[in-house]
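Worksheet: the structure to be examined is printed underneath.
The values are calculated or read from the model by the stated rules, or taken from the named source; none is laboratory data. Model, not experiment: these values are computed from the prediction. Don't worry about glycine lacking a Cβ; one is built from the backbone with ideal geometry, like all the others, and counts go over all protein chains shown.
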């Protein structure tokens, strides 16, 4: 059983192993049927897959409801039901096909590349966009997940991300440094700024017991105001451009594009590889290191951890600082990888989305990576859907929220699809607590 | 799990009926069924010849059943009156249902006066001592005009004096025509007050008898065979002093002095037992020794070296073993595997790990060994500790502490809530540890346990060591000391 | 429930009590204000008028004198907290200290500016305007959390209420229908919260966060797909009318704020009173608080724990939804994406800062509103203080509050813990 974030045992990759069902699988069944049998039990993988299906279905309803032309066909549903159904189907399939083409690959582009009328860059374009969108989400997802495993609900990812963006941005255009060093220092500045922002809630929690949910929510708002102030300062504001935008980050501090040599339009950059390293690092930390042992013990039962001689308060501070550092790196990835300048909304909702990513990944490092890829794909595809099918990007936000709701309440999915009841990986790795 | 299996129980009007059984025998489940908190799979409840269905506490209250729970059901931040009126509020009527506090207060005063249960109706409950809180619970039940009161382990947290008061209240209630079901596992109290006794074991009724049955017979019925808690042991071979506590003062969470100028010494090769009613400072004393609670004054030293300023980790690593009193909260991380719990305080020490790395192979291997050695019943060392029974969870903790070399072993309530088999096993382990020369500090609110295991018994009362007596001191005498009575023993 | 016999052998008397700590802080702030602001004060007199513009009778004071005087008053209030028996006057003295320090600050600011007249009426009205949604949202939080359900999704209820109000008020050309729709909009999000948290036992903070994202996404999506395409059909609600209460509206300063205003203000004030009375003086309130503090105890005396929780969360959703309507029917007259801009979180802060009590919510909301209004006013007189820092103040004050810097803030004991029988 790998679906329980509370489960400390071996570091499994994404939660894909079928869990043992409550009843014994039919012994005589061949491997295939047995696989299907387990698949249909409510294990983490199945629940997640069905959650995605459910969310897309609800998204489809929204697409239909919000489209005036399709809605019109429902006006005479009983006269010619075919019209309504055809119109709905066309609208939905068009939208989701565009989403797929924008997120994974456009089959047409493969054909064009093969017969020489199109470029290979167009084939890889969508996955490049997916990876580009996923990179910061991996960091912010880890920032949430790591804190979660340590018993802290880090809603402050957004604020820490903003600080990371500020740190990386300032280092990126204020420090005159040579190529490699500049990038490393800018990333470091982002991580440190995020860590510093998270230190406050950590130390307050440790010293005074102030609930981290409250303090980090407040600091999110403070960070949002703070970046607005930073940008309009004379040492940051780029007066040659319209609006509140900072100087651009120096070339030497930008995350290099991985496939720029193939096509400069392929935006995927080094950030995704750094993110991958971060996932591996956090996985090692959680499962193989003494610090991780402490962190998980404190997260699950701080009392017992204290009695066993661990420093609960020290762990809280450490967890928050590492989580903040990760979130800061997420912000840095945005500024150094794609935005190249600070604006008030530069971090977008990368931090909040990271909370959803962390929850969807069940607070496990590789789960977070998979969830970030999914969200990245949805966002890349969503942008294609917005331009290609005229369906606004917010639909993706709704779908993301719905997926997490269904994953968080597996009983809902179970009831909907009539799955066999087994121990389900719930998102509540940390016992529900009050303020 | 079948907690109750075809139980028949009849309570006559005006009767005090004791329900006697070990921890986990199914007493509380039975009463929760009566009170509508748990639904029975089959069977029925008949009151005054009328069949009643208790689906919720409200049904039970309407049927005239009231319950005083083992863990008080009082809202700590409410006043006494608010707690008593909750659920049966006196209001000015109308859709607004504004509270009529004056009438509610009068009712509290009236009932408490009628049965001699003194209390201040305007006090905030969390500021009141346990004995008074229990009185509030009783008043709460009485204001609901019940005919049958269920008292679930009401004496567990009371001092002997408070127990006497409670028994007097019970007699007064009986005189007023109420029936009482008195749930307990303490033979002495049963004998003192019950009109009839029903003994249950393993979810079944073993016997229903009268108070003339001897304690030994009752005990045998309760545990299924005649047991003596007496442990086979040789006289202690006293070594040098290991733990020395001098003038220790410790405060509790609310800043009240919980441990007051305590002096005690534990020698190598002896068990020093601390007897006392729960809540007289034992918890705080142990926590202070383990570095879990700040020391206000005085010193604690181990083999002559002061522990002042040492962290819990350092203390544990100076060959001190610790079984905390609340197993599930303090002793284990239930979601962790048995193997991980077995290294919970040694994970960063060779052979299990370093400051940075875990040696997972060593952890796994050692877990398999220790599970076998301590007979921990688990499906696998990789199973979460939560899947184990209480007795086996405690064995995990004991195995964790006793498989490393110790000079001091601190065991707080090591057998609370366990079955007899586990208790005997743990008792043997404690004596074995003593025999290899470890100093053992045993804290237990079960006087029998202390008297059976200890080589010297220190009685703790109101934060002070009231007396230190030999373990063959008559039980009654120790009981008197626990209640703050005069001493015949020598101070420590 | 503690199961220990507490035997107070010595009642602890801590020298650094809450009063003394806070008193010291206020005294220091007052002295710093007297010297600092006094030194910085310009040569203009500082003038205050009660009106909502700069005309009319003004009270003027020399900037230096005012800054020093107010600073010393603040220090005196802080020193007052050291007097024996100060515990009873803690709130009043603390408030006096803060007001005095703010006064000192204003004397400096005004005396240093070309526009040296401050229209208090305008600032008061601004404070109330910013406080308005916070009062509704904070009350929604109080209802939920007093019964043990954390409602972090106030932001989501705001935005859905704001959206529903704009849309329905436009479609039906009636602000009253809009308010009703806002209530339903908030109710829907609250119902999701209630079902997921109470029925499916999902961590309440998780649900709250996800519902915020959901509500922001859904309203944003519908805004893009419907409202932006055809604003006149979907997104042009009217503004709620202003009602005057006879002569009372002519009271200087307070009249325009409290008695020449719209339904939302009247409703908010009435609700604060109603929830306060309800919570502390009715059967419903006693049971709500019991359920939030010790649900098992409530259950054993026949209180339906889950029923109480559902009811409170849903009513809270209605209130927060109506609070959302203030964004589209009062503050502006159209809906825009993400227009609640995190005010749901300040409402949460107001609830915590107000210590989970309705009157506390009102005072906290007014304080937060005052910070916003003051920031804007200082912007107009060209103050060197960045408005951002004043805008941060509510959040920092809330952090200080939960960190126990001004006394302990205690949430209901069972807040956030799902109730499972048995």
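Filtering B:332, B:344 for residues that are touching a helix residue (DSSP H, G or I) at 6+ places or on another chain (Cβ under 6 Å) and either more than 14 Å from chain A (Cβ to nearest Cβ) or in contact (Cβ under 8 Å) with a residue 40 or more places away in the chain (or both) leaves a single hit, B:332.
Within the range B:259-291, the residues that satisfy the criterion of being more than 8 Å from chain C (Cβ to nearest Cβ), under 15 Å from residue B:459 (Cα atoms) and part of a strand (DSSP E or B) are B:259, B:261, B:262, B:263, B:264, B:265, B:266, B:271, B:272, B:273, B:274, B:275.
Would you be able to say whether some residue in the range C:129-140 is within 23 Å of the chain's Cα centre (by Cα), in a loop (DSSP other than H, G, I, E, B) and in the same structural domain as residue C:316 (by TED's automatic domain parsing)?
As a first pass, look at the range C:129-140 and keep what is within 23 Å of the chain's Cα centre (by Cα): C:129-140.
Now drop any that are not in a loop (DSSP other than H, G, I, E, B), which leaves none.
No, because not a single residue in the range C:129-140 is within 23 Å of the chain's Cα centre (by Cα), in a loop (DSSP other than H, G, I, E, B) and in the same structural domain as residue C:316 (by TED's automatic domain parsing).
Taking into account only those residues within the range C:194-204 that are surrounded by fewer than 24 Cβ atoms within 10 Å (Cβ to Cβ) and facing chain A (nearest Cβ under 7 Å), which is farthest from residue A:356 (Cα to Cα)?
Out of the qualifying residues, it is C:200.
For residue C:207, the stated conditions hold: it is surrounded by 24 or more Cβ atoms within 10 Å (Cβ to Cβ) and either within 11 Å of chain A (Cβ to nearest Cβ) or touching a strand residue (DSSP E or B) at 6+ places or on another chain (Cβ under 8 Å) (or both). Number of residues in the range B:368-381 that are surrounded by 16 or more Cβ atoms within 10 Å (Cβ to Cβ) and within 12 Å of another protein chain (Cβ to nearest Cβ) equals 1.
So if I check each of C:264, C:259, which one is farther than 25 Å from residue C:150 by Cβ and crowded, with 22+ Cβ neighbours inside 10 Å?
On the way: C:259 fails: crowded, with 22+ Cβ neighbours inside 10 Å.
The conditions single out C:264.
To keep it simple, each residue is scored yes or no on (1) modelled with pLDDT under 90; (2) in contact with a strand residue (DSSP E or B) (Cβ under 9 Å, 6 or more places away or on another chain); (3) not assigned by TED's automatic domain parsing to the domain that holds residue B:281.
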{"residue": "B:400", "(1), (2), (3)": "no, yes, no"}
{"residue": "B:409", "(1), (2), (3)": "no, yes, no"}
{"residue": "B:415", "(1), (2), (3)": "yes, no, no"}
{"residue": "B:418", "(1), (2), (3)": "yes, no, no"}
{"residue": "B:427", "(1), (2), (3)": "no, no, no"}
{"residue": "B:432", "(1), (2), (3)": "no, no, no"}
{"residue": "B:443", "(1), (2), (3)": "no, yes, no"}
{"residue": "B:457", "(1), (2), (3)": "no, yes, no"}
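Listed here are the helices (runs of 4 or more DSSP H) enclosed by the range A:295-409 that have at least 3 residues being within 24 Å of residue A:128 (Cα to Cα) and either assigned by TED's automatic domain parsing to the domain that holds residue A:218 or modelled with pLDDT under 95 (or both): A:312-334, A:350-360, A:365-389, A:394-408. Filter the range C:297-310 for residues that are within 14 Å of chain B (Cβ to nearest Cβ) and touching a residue at least 12 places away in the same chain (Cβ under 8 Å); which is surrounded by the fewest Cβ atoms within 10 Å (Cβ to Cβ)? Within the range C:297-310, the match that is surrounded by the fewest Cβ atoms within 10 Å (Cβ to Cβ) is C:306.
Within the range A:105-113, does at least one residue satisfy the condition of being free of Cβ contacts under 8 Å to residues at least 60 places away in the same chain, on the phi > 0 side of the Ramachandran plot and either out of contact with any helix residue (DSSP H, G or I) (no Cβ under 8 Å at 6 or more places or on another chain) or not assigned by TED's automatic domain parsing to the domain that holds residue A:188 (or both)? Checked against the condition, which is being free of Cβ contacts under 8 Å to residues at least 60 places away in the same chain, on the phi > 0 side of the Ramachandran plot and either out of contact with any helix residue (DSSP H, G or I) (no Cβ under 8 Å at 6 or more places or on another chain) or not assigned by TED's automatic domain parsing to the domain that holds residue A:188 (or both), the range A:105-113 yields no hits at all. Exactly one residue out of A:363, A:304 is surrounded by 24 or more Cβ atoms within 10 Å (Cβ to Cβ), within 14 Å of another protein chain (Cβ to nearest Cβ) and at positive phi: that is A:363.
Looking only at the range B:57-70, filter to residues that are out of contact with any helix residue (DSSP H, G or I) (no Cβ under 8 Å at 6 or more places or on another chain) and without any contact (Cβ under 8 Å) to a residue 40 or more places away in the chain; which one of those is nearest to residue C:279 (Cα to Cα)?
Taking the range B:57-70 and keeping what is out of contact with any helix residue (DSSP H, G or I) (no Cβ under 8 Å at 6 or more places or on another chain), we get B:58-59, B:61-64.
Now restrict to residues that are without any contact (Cβ under 8 Å) to a residue 40 or more places away in the chain: B:58-59, B:62-63.
Working: B:58: 23, B:59: 27, B:62: 27, B:63: 30 Å.
The residue in question is B:58.
Scanning the range B:350-361 for residues that are assigned to a helix (DSSP H, G or I) and either surrounded by 15 or more Cβ atoms within 10 Å (Cβ to Cβ) or within 36 Å of the chain's Cα centre (by Cα) (or both) turns up just one, B:360. The condition (being under 23 Å from residue B:278 (Cα atoms) and in a loop (DSSP other than H, G, I, E, B)) is satisfied by just one residue among B:391, B:417: B:417.
Mind listing whichever residues of the range B:91-106 are more than 7 Å from chain C (Cβ to nearest Cβ) and either within 30 Å of residue B:44 (Cβ to Cβ) or at pLDDT 85 or above (or both)?
B:92, B:100, B:101, B:102, B:103, B:104, B:105, B:106 - these are the residues of the range B:91-106 that are more than 7 Å from chain C (Cβ to nearest Cβ) and either within 30 Å of residue B:44 (Cβ to Cβ) or at pLDDT 85 or above (or both).
Conditions tested, residue by residue: (1) more than 13 Å from residue A:166 (Cβ to Cβ); (2) facing another protein chain (nearest Cβ under 9 Å).
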| position | (1), (2) |
| --- | --- |
| A:198 | yes, no |
| A:202 | yes, no |
| A:209 | yes, yes |
| A:212 | yes, no |
| A:217 | yes, yes |
| A:221 | yes, yes |
| A:225 | no, yes |
| A:230 | no, no |
| A:234 | yes, no |
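As a summary of the residue check, residue B:396 satisfies the conditions (1) touching a helix residue (DSSP H, G or I) at 6+ places or on another chain (Cβ under 6 Å); (2) crowded, with 21+ Cβ neighbours inside 10 Å; (3) over 26 Å from residue B:440 (Cβ atoms) except for the one numbered (3). Filtering B:453, B:447, B:388 for residues that are surrounded by fewer than 22 Cβ atoms within 10 Å (Cβ to Cβ), in contact with a strand residue (DSSP E or B) (Cβ under 6 Å, 6 or more places away or on another chain) and touching a residue at least 12 places away in the same chain (Cβ under 8 Å) leaves a single hit, B:447.
Among the candidates C:317, C:344, single out the residue that is modelled with pLDDT of 90 or more, assigned to a helix (DSSP H, G or I) and within 14 Å of chain A (Cβ to nearest Cβ). Let's see the steps before the verdict.
On the way: C:317 fails: within 14 Å of chain A (Cβ to nearest Cβ).
After applying the criteria, what remains is C:344.
For residue B:63, the criteria (1) within 18 Å of residue C:297 (Cα to Cα); (2) in contact with a strand residue (DSSP E or B) (Cβ under 8 Å, 6 or more places away or on another chain) hold in every case but one, which is (1).
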